[in-house]
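The values are calculated or read from the model by the stated rules, or taken from the named source; none is laboratory data. Everything quoted here is computed from the prediction, not taken from an experiment. All Cβ positions, glycine included, derive from the backbone under ideal geometry; neighbour counts span all protein chains shown.
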Amino acid sequence: MDLPPLTPLEQQGLEYGLLGLSLHEHPLDTHRVWLEQHGILGSAGVQAAPTGRRVRAAGLIVMHQAPPTAKGVHFLTLEDAEGFINVIVRPQVYADYRAVIRGSAFLGVAGIVERDGAVTNLLAERVAAIQEPVPDFSKF
């Protein structure tokens, strides 16, 4: 049985998963124009946003932690070509979007910008998968 060919985004995701880096452009670069046209920020935009602002951001999941001492809170790190976005996912939000978070390499996150000293976090309210041919943010 022949499998369908991988999309460029799937190929880059596998490359990233196997090697920990991309040998080509960042996987989200193929969507950058679309993301910008829809007001979806990258890491630099989240860093520049004022505390308390509701924003939408996107990135490649490079870390997912759920320490037992965090009382059900999950911590994600998303990456784009410019840097990283720290995402805090409260237990109810994680329960609502568990399948998306666990099943997608590329995420869009809508939430509130928070700061603790020099550290900027995005407190997630909604999550969506970024898929080919363009991100599916219909409920985002």
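Annotations for the structure displayed:
- Residue, modelled with the lowest pLDDT, within region 68-85, restricted to residues that are in contact with a strand residue (DSSP E or B) (Cβ under 8 Å, 6 or more places away or on another chain) and either under 23 Å from VAL33 (Cβ atoms) or surrounded by fewer than 18 Cβ atoms within 10 Å (Cβ to Cβ) (or both): ASP80
- Listed conditions (1) exposed (fewer than 15 other Cβ atoms within 10 Å of the Cβ); (2) at pLDDT below 90 are all met by LEU9, apart from (1).
- Per this entry, GLU132 is not counted among residues that are modelled with pLDDT of 90 or more, charged (D, E, K, R) and within 16 Å of ALA58 (Cβ to Cβ).
- When the criteria are applied in full, LEU123 fails the requirement of being of a type in the set (A, V, I, L, M, F, W, C), at pLDDT 95 or above and crowded, with 18+ Cβ neighbours inside 10 Å.
- All conditions but one from (1) closer than 25 Å to LEU14 by Cα; (2) within 10 Å of the chain's Cα centre (by Cα) apply to HIS64; the one that does not is (2).
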